[in-house]
Amino acid sequence: MTESEFNDRVDETLITLEDLLEEADSDLDVESHGGMLTIVCENGSQVIFTRQPPVKQLWVAARNGGHHFDFDAQAQRWLRDTDKAPLAEVLNEIFRIQADEDLTFPL
């Protein structure tokens, strides 16, 4: 994957997440700036999404740690580098535990 393709994938993912969270009936605030997406939970905690072009990964920082995702071209989705868990499943867990929000991410 070229750097341009990587950036396009990340942009598409962050826009999708932003749209989903803004439309959700939740107490989450969405902030987007400089290619980074920050979700502020009602309890003040944050979930932060950043792109890492040198390693072509999408990183997610949450209370339960940092998660690094590679884009799997065959599956057409982001998979965590440690256990191949899909981004959607990881996000469901993060927001359930950290924000007490039951959200579904169709990524």
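Read-outs: derived from the displayed coordinates by stated rules, not from any lab. Bear in mind the structure is a predicted one, so any value in this text is a computation, not a measurement. Quick reminder, even Gly has a Cβ in these numbers, built from the backbone with ideal geometry, and neighbours come from all protein chains shown.
Please name whichever of Phe105, Ala85, Thr13 sits farthest to the positive end of the charge dipole of the chain, dipole taken about the Cα centre and charges placed at Cβ: Lys and Arg +1, Asp and Glu -1. Positive-end residue among those listed: Ala85.
3J(HN,Hα) couplings calculated from phi for region 3-17 with the Karplus curve 6.51 cos²θ - 1.76 cosθ + 1.60 (θ = phi - 60°) are, in sequence order, 5, 5, 5, 4, 4, 4, 4, 5, 4, 4, 5, 5, 5, 4, 4 Hz; Gly and Pro show x. Adding -39500 (n - 2.57) for every DSSP H run of four residues or longer, then dividing by how many residues the chain holds, sets the calculated 222 nm ellipticity at -10500 deg cm²/dmol. With contacts taken as Cα pairs under 8 Å at a separation of at least 6 residues, the chain carries a relative contact order of 17 percent.
Basic side chains Lys and Arg get +1 at the Cβ, acidic Asp and Glu get -1 at the Cβ, and with that the dipole of region 3-99 about its Cα centre reaches some 480 debye. Using R0 = 41 Å, the C-beta based FRET efficiency linking Leu28 and Thr2 works out to 0.80.
Using the alpha-carbon centroid of each, what span in Å lies between region 1-22 and region 36-52? After rounding, the separation between the Cα centres reads 15 Å.
At R0 = 30 Å, how high is the FRET efficiency between Gln76 and Gln46 if r is their beta carbon distance? Nearest 0.05 is fine.
Taking R0 as 30 Å, the efficiency between Gln76 and Gln46 is 0.60.
Available extension along the chain between Glu89 and Glu12 is 25.9 nm, counting 0.36 nm per residue and deducting the alpha carbon span.
Averaged over residues, the count of other Cβ atoms within 10 Å places the peptides 75-85, 36-46 in the sequence 36-46, 75-85, highest first.
Evaluating 6.51 cos²θ - 1.76 cosθ + 1.60 at θ = phi - 60° for every residue in region 26-36, the Karplus couplings come out as 9, 9, 9, 9, 10, 10, 10, 7, x, x, 10 Hz, glycine and proline recorded as x.
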